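The values are calculated or read from the model by the stated rules, or taken from the named source; none is laboratory data. These numbers were taken from a predicted model, which means no experiment stands behind them. Glycine also receives a Cβ, built like all others from the backbone with ideal geometry; neighbour counts cover every protein chain displayed. The area values use the complete protein model at the heavy-atom level, side chains included, leaving out ligands, DNA and RNA. Shrake-Rupley method; radii C 1.70, N 1.55, O 1.52, S 1.80 Å.
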Amino acid sequence: MNKYVHGYSPDESNRLHDQADSLDDLLHHDSIWEKKSLILEAGCGIGAQTKIIAPKNLSSKFISIDISLKSLDQAKAIANTNKINNVEFQQADIFELPFQDEYFDHIFVSYLLEHIPNPVEALIKLQKVLKKEGTITVIEGDHGSTYFYPDSELAKKAIQCQVQIQKENGGNANIGRTLFPLLIRAGFKNVTVSPRQVYVDDSNSKWVEGFTKRTFTAMINGVKEEAVSNNLMSIEDFEQGISDLNRTAEGGGTFSYTFFKGIGTKK
């Protein structure tokens, strides 16, 4: 199993929930499937997305899987706290799925492909358990889409540290732009990809706090120790880069990032 770059700390759990909560409308206003569907959520992690998509589809049943029992325990606790009753949590590896072929009506995947070196193989494995004419929904970010003001070379370099560390661990922090070819190569048809841009300025305090500060900047800051130990940046330069990212969330600052949501249909 590849190392999970972002880690499993309480701070990381909070970051994932902040991201999910702040971007609910942007990413999930259309995460609604046919009533009474059976939906596989592959790589549910701590349930940050589960708590959003399951209540939007109350007549459907979700089977949410993850390889980490620790994450699943957190996901179950979140579901119980939010009184979500249409989800079954199960430990499973997406490369060794314990389901029969053509079992699910739909599959939902978010922020999973970015962490594995063979995303096409993962999509092919998932496709096997999807019914004919069933759909898959994939959401991923793309660090190369990051723009901000005031500009800062050290902030850009700190972001690139996270990209490099994720690459060294077999992942791709710039995977969002590749969703269309990945889904095509995996054999899906009717593939569509829509960019979901987060643009943040003083007019949106929810995104200033929930995304710029507590999601993106917190994620980059999470690789500080590894970036410094690997001599990618000095600790002084890295901390200045983080300070500059935080400056974009202050008065007059702006921040922009793009997620990509891809949908494909099984032939």
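Out of the residues in the range 148-160 that are out of contact with any Ser or Thr (no Cβ under 6 Å at 6 or more places or on another chain) and not in a helix (DSSP H, G or I), which is least open to solvent (accessible area, probe 1.4 Å)?
Ser152
With respect to Arg177, determine if the residue is in contact with a helix residue (DSSP H, G or I) (Cβ under 6 Å, 6 or more places away or on another chain) and either surrounded by 14 or more Cβ atoms within 10 Å (Cβ to Cβ) or part of a loop (DSSP other than H, G, I, E, B) (or both).
no
Could you list, in sequence order, all residues of the range 180-220 that are hydroxyl-bearing (Ser, Thr, Tyr), open to solvent by less than 40 Å² (accessible area, probe 1.4 Å) and under 18 Å from Phe148 (Cα atoms)?
Hits for the range 180-220 are Thr212, Thr215, Thr217.
Scanning for something more than 18 Å from Lys156 (Cβ to Cβ), open to solvent by 10 Å² or more (accessible area, probe 1.4 Å), of a type in the set (Val, Ile, Thr) and out of contact with any helix residue (DSSP H, G or I) (no Cβ under 9 Å at 6 or more places or on another chain), does the range 259-266 turn up at least one residue?
Scanning the range 259-266 turns up at least one residue that is more than 18 Å from Lys156 (Cβ to Cβ), open to solvent by 10 Å² or more (accessible area, probe 1.4 Å), of a type in the set (Val, Ile, Thr) and out of contact with any helix residue (DSSP H, G or I) (no Cβ under 9 Å at 6 or more places or on another chain).
Got a number for residues in the range 20-63 being among the aromatic types (Phe, Trp, Tyr) and part of a loop (DSSP other than H, G, I, E, B)?
1
From Glu88, Glu96, which residue is farther than 29 Å from Gln166 by Cα and exposed (fewer than 14 other Cβ atoms within 10 Å of the Cβ)? Lay out the reasoning, then the answer.
Details: Glu96 fails: farther than 29 Å from Gln166 by Cα.
Of the residues listed, the single one that is farther than 29 Å from Gln166 by Cα and exposed (fewer than 14 other Cβ atoms within 10 Å of the Cβ) is Glu88.
Going by the structure shown, is Phe104 in contact with a Gly (Cβ under 7 Å, 6 or more places away or on another chain), touching a residue at least 60 places away in the same chain (Cβ under 8 Å) and surrounded by 14 or more Cβ atoms within 10 Å (Cβ to Cβ)?
Working: in contact with a Gly (Cβ under 7 Å, 6 or more places away or on another chain): yes; touching a residue at least 60 places away in the same chain (Cβ under 8 Å): yes; surrounded by 14 or more Cβ atoms within 10 Å (Cβ to Cβ): yes.
In short, yes.
From Glu250, Glu225, which residue is open to solvent by 40 Å² or more (accessible area, probe 1.4 Å), in a helix (DSSP H, G or I) and farther than 18 Å from Val120 by Cβ?
Values: Glu250 fails: in a helix (DSSP H, G or I).
Checking each option against the conditions leaves just Glu225.
Inspect the range 244-253 for any residue being more than 22 Å from the chain's Cα centre (by Cα), among the polar types (S, T, N, Q) and closer than 15 Å to Ile159 by Cα and give the result as yes or no.
yes
Does at least one position in the range 231-244 carry a residue that is touching a residue at least 40 places away in the same chain (Cβ under 8 Å), outside any helix (DSSP H, G or I) and surrounded by fewer than 17 Cβ atoms within 10 Å (Cβ to Cβ)?
Looking through the range 231-244, none of the residues is touching a residue at least 40 places away in the same chain (Cβ under 8 Å), outside any helix (DSSP H, G or I) and surrounded by fewer than 17 Cβ atoms within 10 Å (Cβ to Cβ).
Among the residues of the range 120-138, count how many are crowded, with 22+ Cβ neighbours inside 10 Å, assigned to a strand (DSSP E or B) and out of contact with any His (no Cβ under 9 Å at 6 or more places or on another chain).
Going through the range 120-138 one residue at a time, the tally reaches 1.
Inside the range 25-73, can you point out the residues that are among the charged types (D, E, K, R), within 23 Å of Val208 (Cα to Cα) and either surrounded by fewer than 16 Cβ atoms within 10 Å (Cβ to Cβ) or out of contact with any helix residue (DSSP H, G or I) (no Cβ under 6 Å at 6 or more places or on another chain) (or both)? Before you say what the answer is, go through the steps one by one.
The initial filter retains those residues of the range 25-73 that are among the charged types (D, E, K, R), namely 25, 30, 34-36, 41, 51, 56, 61, 66, 70, 73.
From the residues that got through so far, the ones that are within 23 Å of Val208 (Cα to Cα) too are 25, 51.
Matches in the range 25-73: Asp25 only.
Checking Val163 against (1) part of a helix (DSSP H, G or I); (2) surrounded by fewer than 22 Cβ atoms within 10 Å (Cβ to Cβ); (3) more than 17 Å from the chain's Cα centre (by Cα), which test does it fail?
Condition not satisfied by Val163: (3).
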